[in-house]
Amino acid sequence: MGLKEELNVILQEAGKEVKKIKDKKLFDEIRVKFLGKKGELKNILGKLGSLSVEEKKEIGQLANEVKDKIQEMIDEASERIEKQERSARLKKGVGDISVSRDIPPIGYYHPLTVVLERMIGVFKNMGFTVEEGPELEEEYYNFDALNIPWYHPARDDHDSFYISKGKLMRTHTSPMQARIMEKRKPPLAVVVPGRCFRRDAVDATHGHTFYQMEGFVVDKHITFADLKGTLLTWAKMMFGPQTQIRMRPDYFPFTEPSGEVGVTCPVCGGKLCPVCKHTGWIEIGGCGMIDPEVLKNVGYDPENVSGFAFGMGLERIAMTVYGIRDIRYFMENDMRLLEQFVK
């Protein structure tokens, strides 16, 4: 077989192999096989030494033509496969290039959220329902319906955030007592968590915005013993079976009698420590029997039904349980604090 025939055979073989290729990554192998330093064409050119000058010129020119045709076939096939792959990608759809590929850092639970969810879970297990109320409250529900008279200091501008005449940012979650009792009949067992607002000077233990959880029960024959039993059960479920409660007399316009409730210090277990100021107790909120006047304001007959109510500060509980010394930390979103509460 002459060199011309060998060149034609090489061109045909290259054409067949190029047609078989489905992956453009394989084209480099074709180039090496036919056009590389040890490829088929290089072998042909190595045989030119025995030819005459005219034959060398003719075969050399033909070899260059074959080389160009093979390269052209490879380029066309590569472009065809590229178009096919691009079309397939477009049909499949492309990702949103505006979305960062960086994996965002994991989020953390806020300590108040941890305490809130735990308290809600405890009260739900005790049979309470959970309600929410408006933060922008009517003065009637915030004060009048709760037996807080017009001359009470809490109603002054320097103690409360008034938005307009007759409307203010609620100073406690207790207004929901009146709102719920107006619409429903006993028996009732409800807790109301939410934000509250007061014109307090901000320091390590006070803030103008804080979280409370209100709770109340209304039915026939409800007594102070029911209140004590409810709070004791809550404390044991919240802080552990060894927890006890302490109730001391206090005064609130919407409860009579009223009390201040404390729990065994969750940090030292009542063995005295700096957190409980070496008393063994942590005060967590107020409580008492719902005043008969409040029951009358919502249309209940205090001769037939009675009830109790309690209110707890979530920041106070969270600061005690987690050893947080400054209430302002809750509002600062410091990752060093929040990362301790990942679940």
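Considering each residue of segment 158-180 in turn, at least one proves to be assigned to a helix (DSSP H, G or I), touching a strand residue (DSSP E or B) at 6+ places or on another chain (Cβ under 9 Å), surrounded by 20 or more Cβ atoms within 10 Å (Cβ to Cβ) and touching a residue at least 60 places away in the same chain (Cβ under 8 Å). Being surrounded by 14 or more Cβ atoms within 10 Å (Cβ to Cβ), in contact with a helix residue (DSSP H, G or I) (Cβ under 9 Å, 6 or more places away or on another chain) and not aliphatic (A, V, I, L, M) is a property that Lys47 lacks.
Can you confirm whether segment 299-314 contains a residue that is within 25 Å of Ile106 (Cβ to Cβ) and part of a helix (DSSP H, G or I)? It would help to see each step written out before you state the result.
Our first condition is that a residue be within 25 Å of Ile106 (Cβ to Cβ); within segment 299-314, this holds for 314.
Adding the requirement that they be part of a helix (DSSP H, G or I) leaves 314.
Within segment 299-314 (the criterion being within 25 Å of Ile106 (Cβ to Cβ) and part of a helix (DSSP H, G or I)), the answer is yes, since at least one residue qualifies.
When Gly229 is tested against the conditions (1) at pLDDT 90 or above; (2) under 25 Å from Pro149 (Cα atoms); (3) surrounded by fewer than 20 Cβ atoms within 10 Å (Cβ to Cβ), the lone failure is (2). For Gly288, the conditions (1) at negative phi; (2) assigned to a strand (DSSP E or B) are fulfilled apart from (1). Taking (1) closer than 30 Å to Tyr140 by Cα; (2) surrounded by 20 or more Cβ atoms within 10 Å (Cβ to Cβ) in turn, Ile282 satisfies each apart from (1). One residue stands out among those in segment 315-343 that are outside any helix (DSSP H, G or I) and more than 25 Å from Glu214 (Cα to Cα): the one that is modelled with the lowest pLDDT, which is Lys343.
Filter segment 103-143 down to residues that are among the hydrophobic types (A, V, I, L, M, F, W, C) and touching a Gly at 6+ places or on another chain (Cβ under 8 Å) and give me whichever is surrounded by the most Cβ atoms within 10 Å (Cβ to Cβ). Reasoning before the result, please.
Initially, segment 103-143 is screened for residues among the hydrophobic types (A, V, I, L, M, F, W, C), giving 103, 106, 112, 114-116, 119-120, 122-123, 126, 128, 130, 136, 143.
Now restrict to residues that are touching a Gly at 6+ places or on another chain (Cβ under 8 Å): 123, 128.
On the way: Phe123: 23, Phe128: 20.
This residue is Phe123.
Number of residues in segment 50-64 that are assigned to a helix (DSSP H, G or I) and surrounded by 12 or more Cβ atoms within 10 Å (Cβ to Cβ): the value is 9.
Would you say Pro302 is touching a helix residue (DSSP H, G or I) at 6+ places or on another chain (Cβ under 6 Å), without any contact (Cβ under 8 Å) to a residue 12 or more places away in the chain, over 17 Å from Met238 (Cβ atoms) and surrounded by fewer than 22 Cβ atoms within 10 Å (Cβ to Cβ)? Outline the logic, then answer.
Values: touching a helix residue (DSSP H, G or I) at 6+ places or on another chain (Cβ under 6 Å): yes; without any contact (Cβ under 8 Å) to a residue 12 or more places away in the chain: yes; over 17 Å from Met238 (Cβ atoms): yes; surrounded by fewer than 22 Cβ atoms within 10 Å (Cβ to Cβ): yes.
Taking the combined requirement at face value, the residue satisfies it.
Collect the residues in segment 182-198 that are touching a residue at least 24 places away in the same chain (Cβ under 8 Å) and over 20 Å from Met119 (Cβ atoms), keeping them in residue-number order. If the condition is that a residue be touching a residue at least 24 places away in the same chain (Cβ under 8 Å) and over 20 Å from Met119 (Cβ atoms), then Glu182, Pro186, Pro187, Phe197, Arg198 are the ones that fit. You will find that of Pro186, Pro175, Pro193, the residue that is in contact with a Pro (Cβ under 9 Å, 6 or more places away or on another chain) and of a type outside the set (Lys, Arg) is Pro175 and no other.
Would you tally the residues in segment 243-257 being touching a residue at least 24 places away in the same chain (Cβ under 8 Å) and surrounded by fewer than 19 Cβ atoms within 10 Å (Cβ to Cβ)? Can you show your working first?
Filtering segment 243-257 down to residues touching a residue at least 24 places away in the same chain (Cβ under 8 Å) leaves 244, 246-247, 250, 252-257.
In the following step, the residues that additionally are surrounded by fewer than 19 Cβ atoms within 10 Å (Cβ to Cβ) were identified as 244, 246-247, 250, 253, 256-257.
Residues flagged as touching a residue at least 24 places away in the same chain (Cβ under 8 Å) and surrounded by fewer than 19 Cβ atoms within 10 Å (Cβ to Cβ) within segment 243-257 amount to 7.
The values are calculated or read from the model by the stated rules, or taken from the named source; none is laboratory data. Worth saying up front: this structure is predicted, and the values here are computed from it rather than measured. Don't worry about glycine lacking a Cβ; one is built from the backbone with ideal geometry, like all the others, and counts go over all protein chains shown.
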